[in-house]
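A short write-up of the structure that comes next.
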Amino acid sequence: MRDLLTPKQLARAIDVSESSVKRWCDKGVIETQYTAGGHRRITMAGVLEFVRTGKFELVHPEALGLPPTSGQTARVVDRAREQLTEALIAGDEGLCRQIAIDLYLAEHSLSVICDDAFAAAFRQVGERWACGKAEVYQERRGCEITLRVLHELRAILPQPAETSPVAIGGAASGDQYTLGTTMAELVLRDAKWNAVSLGDNLPFETLASAIHEHRPKLFWLSCSYIADEAEFLSGYGGLYEEYGHDVAFVVGGYALTDEIRRQMKYSAFCDNMQHLEAFAQTLRSAGEKKV
Ligand code: B12
């Protein structure tokens, strides 16, 4: 996806005159940067925000480097989920990308896109795999496609401000699931946190070093698979004892059964990304009030 666009490209995409776009740029209606030569340049984040909240339809999305039928199909999450399941299994990356962008343009939040479109579609993919109606490679390819689409959505978001609170997180040793932690990073960045995912399969020792070095306000752990419960609980317990008193520990994921959670301490357990978003917004505004 292109980073910076010209007024000419946006004008073509929404079928208005270039002079109108230039006027909106100069009035600050559209987030605009100016080159050394004084030329107007618009970020993709600025364009999508303008289209998302404005009254203009994307008539020629390809002028912005978006799939040709962007903004014209999946606006309803339920229908998008069905389409996404088929597209993931078929390995149709273009369609997966277009569905995600269409839902975003239709003003669905990134947390809803993660929970109700992608995670829900993967549950269906999992059921198909479990009853032999989907191949392992189709599931894995679907994960790779989803990671690329999530990273494109991340690239749409503005860079976190210097003053944005820091959040880091990942998945622990033996847990090879990457989508949960990648979604947590995306949703926290959308909530204006300076959030960075450290990835999957991380020993608790190195998570401790990361917290020690980066002093985050929030640490998240995505738990989709726990190979050894006792080992996990002692590793996690040690990390919480060391840092849980002044870092908000947020946990979530398929593997966190009631039984396991009863043996853990944390600031918040979230069933999904919408819960994480709500918690992160509250924590951030509480932090701002204190300053
Ligand atoms: C993709 C997948 C994999 C891939 C993941 C690849 C990757 N790049 O991530 C890999 C190959 C690792 C994998 C492996 C296995 N898998 Co698997 N996997 C799946 C599948 C299809 C999708 C999981 C997924 O990532 N979904 C997308 C995420 C984002 O959705 P989610 O997990 O629901 O997360 C949501 C919430 O839990 C929450 N959340 C999650 N993380 C976090 C973090 C935070 C901070 C917060 C706030 C919230 C949060 O929000 C998310 C969004 O709503 C599921 C099917 C399903 N039902 O989900 C099977 C599934 C989970 N796998 C299963 C199994 C059995 C396995 C294996 C044990 C198979 C095997 N024998 O090897 C191995 C375990 C390997 C290991 N050591 O980790 C079973 C689990 C059954 C059970 N009862 O436990 C399932 C249910 C398939 C099935 N139907 O049987 N798997």
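Values for this structure:
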{"item": "Test: residue in segment 78-88 that is out of contact with any Pro (no Cβ under 6 Å at 6 or more places or on another chain), closer than 30 Å to Leu218 by Cα and not assigned by TED's automatic domain parsing to the domain that holds Arg284", "result": "no"}
{"item": "Members of segment 117-127 that are over 13 Å from Leu179 (Cα atoms), near the ligand (Cβ under 8 Å from one of its atoms) and open to solvent by 10 Å² or more (accessible area, probe 1.4 Å)", "result": "Gly126, Glu127"}
{"item": "Residue among Ala167, Ala171, Ala210 that is over 26 Å from Ala120 (Cβ atoms) and modelled with pLDDT of 95 or more", "result": "Ala210"}
{"item": "Unique match (being aromatic (Phe, Trp, Tyr), part of a helix (DSSP H, G or I) and open to solvent by 30 Å² or more (accessible area, probe 1.4 Å)) among Tyr266, Tyr254, Tyr240", "result": "Tyr240"}
{"item": "Residue selected from segment 178-207 under the condition of a type in the set (S, T, N, Q) and either part of a strand (DSSP E or B) or at pLDDT below 95 (or both), by the criterion surrounded by the most Cβ atoms within 10 Å (Cβ to Cβ)", "result": "Ser197"}
{"item": "Leu88 part of a loop (DSSP other than H, G, I, E, B), open to solvent by less than 50 Å² (accessible area, probe 1.4 Å), of a type outside the set (Phe, Trp, Tyr) and over 27 Å from Gln281 (Cα atoms)", "result": "no"}
{"item": "Segment 251-265 - residue that is in contact (Cβ under 8 Å) with a residue 12 or more places away in the chain and more than 10 Å from the ligand (Cβ to nearest atom) and, of those, farthest from the chain's Cα centre (by Cα)", "result": "Gln263"}
{"item": "Residue match in segment 217-233 (condition: surrounded by fewer than 17 Cβ atoms within 10 Å (Cβ to Cβ), assigned to a loop (DSSP other than H, G, I, E, B) and either away from the ligand (no atom under 13 Å from the Cβ) or assigned by TED's automatic domain parsing to the domain that holds Arg140 (or both))", "result": "no"}
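Yes or no, residue by residue, for (1) assigned by TED's automatic domain parsing to the domain that holds Arg97; (2) within 11 Å of the ligand (Cβ to nearest atom):
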{"position": "Gly142", "(1), (2)": "yes, yes"}
{"position": "His151", "(1), (2)": "yes, no"}
{"position": "Ala171", "(1), (2)": "no, yes"}
{"position": "Thr178", "(1), (2)": "no, yes"}
{"position": "Asp190", "(1), (2)": "no, no"}
{"position": "Trp193", "(1), (2)": "no, no"}
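The values are calculated or read from the model by the stated rules, or taken from the named source; none is laboratory data. The structure displayed is predicted, hence computed values, not measured ones. Every residue, glycine among them, receives a Cβ derived from its backbone with ideal geometry; neighbour counts consider all protein chains shown. Just the protein is used for accessible areas: all its heavy atoms, side chains included, with ligands, DNA and RNA removed. Shrake-Rupley method; radii C 1.70, N 1.55, O 1.52, S 1.80 Å.
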